[in-house]
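Read-outs throughout are calculated quantities, based only on the coordinates presented, and are distinct from any laboratory measurement. Computed from a predicted model, the values in this text were never measured in an experiment. When we count neighbours, we look across all protein chains shown, and the Cβ atoms used for this are built from the backbone with ideal geometry, even at glycine.
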Amino acid sequence: MNPLDVPTTIAQRRAHKQFKSDEIPADLLHRLVELTVSAPSSWNLQDWRIVVVQDETQRQALSEAAWGQQQIVQAPVTFVFAAHPYAWKTDLDDIFAIANQSGAWDKSRIDYLKNAIPQFQEKLGDKNREYAIKDATIAATHLMLAAESLGLATCPMNGWLEEKVKEVIGAEDSELAIALLVPVGYPADSPQNPGRLPLSHNVFRDRVNNPYE
Ligand SMILES: Cc1cc2nc3c(=O)[nH]c(=O)nc-3n(C[C@H](O)[C@H](O)[C@H](O)COP(=O)(O)O)c2cc1C
């Protein structure tokens with residue numbers, strides 16, 4: 001199929017609760033993974049840690065960590081979006097090498113970033129976690145839109161216990177934070193758009209007391 005264009009994809013995407021058990025072809029799944037990690041991230045840190053869960057026992061365990069929600073059991077794949085709050089302590093050399101090799105960042109920019117990134121991140125303190133979760137959540141949004149555009153369905157999921165999800169993916173002893181779970185597969189339902197509040201409710205001009213419309 002031809003991929004859907006972005007506006008149509010955004011308008012058409014729904015959170016699906018039921019999936020067929022049909023497998024996602026390996027090349028299509030790989031394309032989804034590549035599109036997911038094309039997401040932007042703060043300083044290009046790419047501090048998400050994405051676990052692609054296909055194993056049936058693992059999906060069952062994830063579902064149990066998510067209050068028994070069946071999307072995870074039904075869909076052939078669930079992406080677990082974890083976030084590493086301190087990736088900036090370990091990954092900068094690799095990030096700089098790739099950006100330098102592609103010609104995107106020259107030596108003077110890299111020299112600046114070598115100081116600027118740790119300085120900025122150190123000041124964040126506890127918010128390192130929050131910042132890493134932002135990056136992982138943006139990547140998850142890329143996945144949802146890429147999947148929709150390529151004929152698949154998704155469901156963003158926040159309804160799970162973090163410690164249990166960490167256990168299932170083998171991250172119980174790590175600093176990883178869990179951002180979002182996203183089952184992906186072929187839809188077995190046709191959810192309706194539950195609608196959005198009027199723009200006057202939550203979109204503003206210049207200041208939050210001045211409704212956009
Ligand atoms: C961060 C987030 C967490 C969500 N968690 C769940 C969840 O655990 N289970 C579920 O069935 N739906 C979950 N949803 C789906 C929402 O209920 C759904 O996106 C919302 O009702 C709007 O519907 P739409 O996505 O079809 O536009 C979640 C959505 C978001 C964005």
- Translational D in µm²/s for segment 117-213 (Stokes-Einstein at 37 °C, 0.692 mPa s, Kirkwood Rh from C-alpha pairs): 195 µm²/s
- Query: Among the aspartates and glutamates, which have Cα under 14 Å from the Cα of Lys17 when same-chain residues fewer than 8 positions away are ignored?
  - Reply: Asp189
- Phi-based couplings in Hz for segment 192-208 (Karplus 6.51, -1.76, 1.60; Gly and Pro marked x): 7, 5, x, x, 10, 4, x, 4, 5, 7, 9, 10, 10, 10, 6, 9, 6
- Message: If packing is taken as the average number of other Cβ atoms within 10 Å across a peptide's residues, how do 24-37, 128-141 rank, most packed first?
- Response: 128-141, 24-37
- Sorted peptide list for 39-46, 95-102, 201-208, criterion being average Cβ within 10 angstrom, highest first: 39-46, 95-102, 201-208
- Report, in deg cm²/dmol and to the nearest 500, the calculated mean residue ellipticity at 222 nm for the chain, where each DSSP H run with n ≥ 4 adds -39500 (n - 2.57) and the sum is divided by the residue count. -13000 deg cm²/dmol
- Message: Can you return the aspartates and glutamates within cross-link range of Lys134? Criterion is Cα-Cα under 15 Å, with same-chain partners fewer than 8 residues away left out.
- Response: Asp47, Asp126
- Query: How far is helix 92-101 tilted off the main Cα axis of the chain, in degrees rounded to 10, range 0 to 90?
  - Reply: 90 degrees
- Message: Could you tell me the relative contact order of the chain? Use alpha-carbon pairs under 8 Å, at least six residues apart, and round to a whole percent.
- Response: 34 percent
- Task: Please give every one of the lysines within straight-line cross-link reach of Lys89, meaning a C-alpha to C-alpha distance under 16 Å, and leave out same-chain neighbours fewer than 8 residues apart.
- Result: Lys114, Lys123, Lys127
- For Arg49, list long-range residues whose amide hydrogen, built 1.01 Å from N in the peptide plane, is under 5 Å from its own amide hydrogen. Ala82, Ala83, His84
- Please report, in whole Å, how far the alpha carbons of segment 122-162 spread along each principal axis, starting with the longest. 42, 22, 7
